[in-house]
Amino acid sequence: MHELSIVGNIIEIAENEARKALAERITELEMDIGTVSGIELDALNFAFESVKPKTMLKNAEIKINIIQAKAVCSDCRHVFETENVYTLCPVCDSFKTEIIQGKEIKIKSILVD
Ligand SMILES: [Zn+2]
């Protein structure tokens with residue numbers, strides 16, 4: 001499962017940050033996940049629940065912010081919401097569109113104790 005390795009990386013980063021702050025545990029982890037990041041939220045939550053008990057995030061609350069994907073058209077500069085990585089511009093039908101947000105898989109903040 002793709003999400004399991006992502007969660008492994010996230011926990012590693014979070015634990016490194018917590019150690020730098022000389023903390024013993026992580027109480028909250030907040031993440032930004034884009035709607036076209038390729039992440040399945042159910043799988044992500046499942047992965048956290050299965051891995052958490054052996055880590056500093058044992059009792060941590062996992063908060064996930066969903067970031068709605070947006071694209072910009074290179075031809076007419078129109079910015080629009082999208083559910084797909086490849087999409088036509090709804091204004092001019094150009095295929096030269098580029099995702100400007102929604103691919104995020106990142107840690108926003110960590111609270112430690
Ligand atoms: Zn356009």
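The values are calculated or read from the model by the stated rules, or taken from the named source; none is laboratory data. Just so we're clear, the structure is a prediction, and the values are computed from it rather than from any experiment. FYI the Cβ positions are ideal-geometry reconstructions off the backbone, even for glycines, and counts take in every protein chain you see. All accessible areas refer to the heavy atoms of the entire protein, side chains included, with ligands and DNA or RNA removed. Shrake-Rupley method; radii C 1.70, N 1.55, O 1.52, S 1.80 Å.
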*asked:* I'd like the full set of residues that are away from the ligand (no atom under 11 Å from the Cβ) and hydroxyl-bearing (Ser, Thr, Tyr), limited to region 93-113.
replied: SER109
*Residue list for region 54-92, restricted to those being within 16 Å of the ligand (Cβ to nearest atom), of a type in the set (D, E, K, R) and either touching a Lys or Arg at 6+ places or on another chain (Cβ under 7 Å) or modelled with pLDDT under 95 (or both)*: ASP75, GLU81
_Index of the failed condition, ILE26 passing every other in (1) more than 14 Å from ILE105 (Cα to Cα); (2) touching a helix residue (DSSP H, G or I) at 6+ places or on another chain (Cβ under 6 Å); (3) open to solvent by 30 Å² or more (accessible area, probe 1.4 Å)_ = (3)
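Can you pull out every residue in region 11-23 that is open to solvent by 10 Å² or more (accessible area, probe 1.4 Å) and assigned to a helix (DSSP H, G or I)?
Those that are open to solvent by 10 Å² or more (accessible area, probe 1.4 Å) and assigned to a helix (DSSP H, G or I): GLU12, ILE13, GLU15, ASN16, GLU17, ARG19, LYS20.
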_Condition first: among the charged types (D, E, K, R) and at pLDDT 95 or above. Now tell me which residues in region 3-16 satisfy that._
GLU12, GLU15
